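Each value in this text was obtained by applying a stated rule to the coordinates, not by laboratory testing. The structure displayed is predicted, hence computed values, not measured ones. Cβ atoms come from the backbone with ideal geometry, glycine included; neighbour counts cover every protein chain shown.
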Amino acid sequence: MDLLNTLVDKGLRRALPSREEALAVLATTDDELLDVVAAAGKVRRQWFGRRVKLNYLVNLKSGLCPEDCSYCSQRLGSKAEILKYTWLKPEEASKAAAAGVAGGAKRVCLVASGRGPTDKDVDRVARTIDAIKSENEDVEVCACLGLLSDGQAERLRGAGADAYNHNLNTSEATYGDITTTHTYADRVDTVQKAHAAGLSACSGLIAGMGESDADLVDVVFGLRELDPDSVPVNFLIPFEGTPLAKEWNLTPQRCLRILAMVRFVCPDVEVRIAGGREVHLRSMQPLALHIANSIFLGDYLTSEGQAGRADLDMIADAGFEVEGTDQVTLPEHRGGGCGSVCGSADEAPADGTRSDERSDAVRTDTVRTADAPGEARTDLVAVRRRGAGTDLAPNA
């Protein structure tokens, strides 16, 4: 397919696809799906080989959030029956993190519900980072605490944080339909603060909230412009008790198309399969490893993932290897972790076309097979009852 040949060529050169090309990936048919995965796999292997980075979530503070994000089980007014607890003590968080590290996780993500941290919260997280690194000095620590105020990113960096996560989630045009208590611009500002402070920026999206193909392309192009080092791709987990509980819009095939589009637009960044992969990719998860080079191990914030052992077996069975702490995740030109501008003017396509021009390779006659999500698989949405904040061992 001319489209895929063009996208592979651009991906290997870190050249930005056109928006039309990105949309065309999402419009490919099921008959073309394996070709799409194989093409995205060529780009993935160019920059990341066959390594898979493992990440582990520790929920420092669960529920009780004043924000109204429609997708979130911890939102204001949520009736989801999730665990609710205030801040874990540093030693409790360190113990939880150790379970993930023992399972092979290279990065620990410290997450707290809420609009954003107070200065006292930053001090608390700093003590937690110190507790974790004193036990596992090689582990990467990523903080995810909401919107940052001036100076907080620098304080987290000084405390030993390696990265900061704050997702854009959806396009700017539709952001107000999902959240009203803060704006898309607020999220962009926080990612920029983290990047400016020398933290490795991590920012991604949530697919399956009723967005259009154009919305998905918009948010991924917005991410490309922000130039994060890692892009987590979440697939909506429709929790009962939230406004999006009935949004079952994804199929495994659509999830693979979305991941491929992200890989083509962001060829040399860590693309992470995040929340919802077990619910929506299901038995197609191993195929997704040919596109993404990173996953979360075990459970998520308020939902259970598949067993950590099953994740490790899946990686090995698919012919991939777990990335070690002695291996650098990002390609050398990205500095290994803190990012650099990719797709700059000197990396424009050799044919002289601008990245925003429509490629001749884009097919205008693509016929899309309707994605039929089918019945809601609520049996696959398991609310987390173990791990951090409980007396039960975590699923790592």
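With the simple spin-label model, which puts each label point 7 Å out from Cα in the Cβ direction, the Ser212 to Gln46 separation comes to 3.1 nm. Structure remark: mean-square fluctuation, Gaussian network model of the chain, C-alpha springs under 10 Å; the largest value among Ala316, Ala292, Ala131 belongs to Ala316.
Legend: calculated FRET efficiency, Arg115 to Glu135, from the Cβ-Cβ distance at R0 = 35 Å, rounded to 0.05, equals 0.70.
Excluding residues on the same chain fewer than 8 positions from Lys79, give the aspartates and glutamates whose Cα lies under 12 Å from its Cα. Once the sequence-local aspartates and glutamates are set aside, what remains near Lys79 is Glu240.
For the stretch 130-145, the Karplus equation 6.51 cos²θ - 1.76 cosθ + 1.60, evaluated at θ = phi - 60°, returns couplings of 4, 5, 5, 6, 5, 9, 9, 5, 8, 6, 7, 10, 10, 9, 9, 10 Hz by residue, with Gly and Pro reported as x. Where [x] 150; [y] 368; [z] 124 are the candidate values, the label of the one calculated here for volume of the Cα convex hull per residue in Å³ is [z]. Between Leu23, Leu199, Leu259, the Gaussian network model of the chain with springs among Cα atoms under 10 angstrom shows the greatest mean-square fluctuation at Leu23. What the Cβ-Cβ distance of Ala196 and Asp123 gives, at R0 = 25 Å and to the nearest 0.05, is a FRET efficiency of 0.75. Using C-alpha pairs below 8 Å separated by at least 6 residues, the relative contact order for the stretch 266-314 is 35 percent.
Holding the Cα-Cα limit at 18 Å, pick out from Lys84/Lys120; Lys53/Lys106; Lys61/Lys246; Lys10/Lys106 the pairs that are longer than that. As for pairs spanning more than 18 Å Cα to Cα, those are Lys84/Lys120; Lys61/Lys246; Lys10/Lys106.
Classify the stretch 83-129 as rounded, prolate or oblate from the Cα gyration tensor: take a ≥ b ≥ c as the square roots of its eigenvalues, call it rounded if a/c is under 1.5, otherwise prolate when a/b beats b/c and oblate if not. It is prolate, given that a/c is not under 1.5 and a/b is the larger ratio.
With the simple spin-label model, which puts each label point 7 Å out from Cα in the Cβ direction, the Leu392 to Asp35 separation comes to 4.6 nm. Between Ala316 and Leu64, the distance separating the two model label sites (each 7 Å from Cα on the Cα→Cβ line) works out to 4.1 nm.
Just want to confirm a number: the relative contact order over the chain, from Cα pairs under 8 angstrom separated by 6+ residues, in percent. Reported relative contact order: 26 percent.
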